[in-house]
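Inspection log for the structure reproduced underneath, given as structure tokens.
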Amino acid sequence: MSARTDDAVFALRAFNRFHTHLVGALEPSFLGSGFSLIEARILYEIAVREPALASDIRAALGLDAGYLSRIIARMERGGLIARGRGEDARQRPIRFTAEGRALFERVDGDARARATGAVAHLDAGECTALVAALGTITALLSKASVSKRDRDG
């Protein structure tokens, strides 16, 4: 590795440690929801895709199919989601129950409030700079994700 790469790796890892603390990713119960971060993220994926397919959630999050299946089954037993009948028996659409929708809206609201608190002290110019920087980070690191998928695909 070059010194430039070493510096980038060091900075990225430092940012990751900062960010995981900032968003509460290391808390055993994400935002006091009773769910882990991955479970909360699965709820988010269901919300934005509803009706969602497990295969789409698995692909979006890069999860093992068995692991995701166990989480979805637990959410179904807990009354948070219902699985319908799809055209293909292996593709059962996932929808929130009223209880699941209410839980998602609470967790999503809490996450928005936490993010709002993190940027509340910024002025308009700093907000613009933050949005641009985050876009740059996403674009640069997405290149690695795409090439890894192509390689592993």
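Brief remarks on what is shown
- Farthest positive-ward along region 1-58 dipole, Cα basis, beta-carbon charges - from ALA47, GLY34, THR5: THR5
- D (Stokes-Einstein, µm²/s), Kirkwood Cα radius, the chain, 1.567 mPa s at 4 °C: 72 µm²/s
- Simple spin-label estimate for ASN16 and ALA60 gives 2.3 nm between the two label positions (7 Å along the Cα-to-Cβ direction from each Cα).
- Per residue accessible area of region 1-79, 1.4 Å probe, in Å²: 63 Å²
The values are calculated or read from the model by the stated rules, or taken from the named source; none is laboratory data. The structure displayed is predicted, hence computed values, not measured ones. When we count neighbours, we look across all protein chains shown, and the Cβ atoms used for this are built from the backbone with ideal geometry, even at glycine. Calculation scope for accessible area: heavy atoms of the full protein, side chains included, ligands and nucleic acids excluded. Shrake-Rupley method; radii C 1.70, N 1.55, O 1.52, S 1.80 Å.
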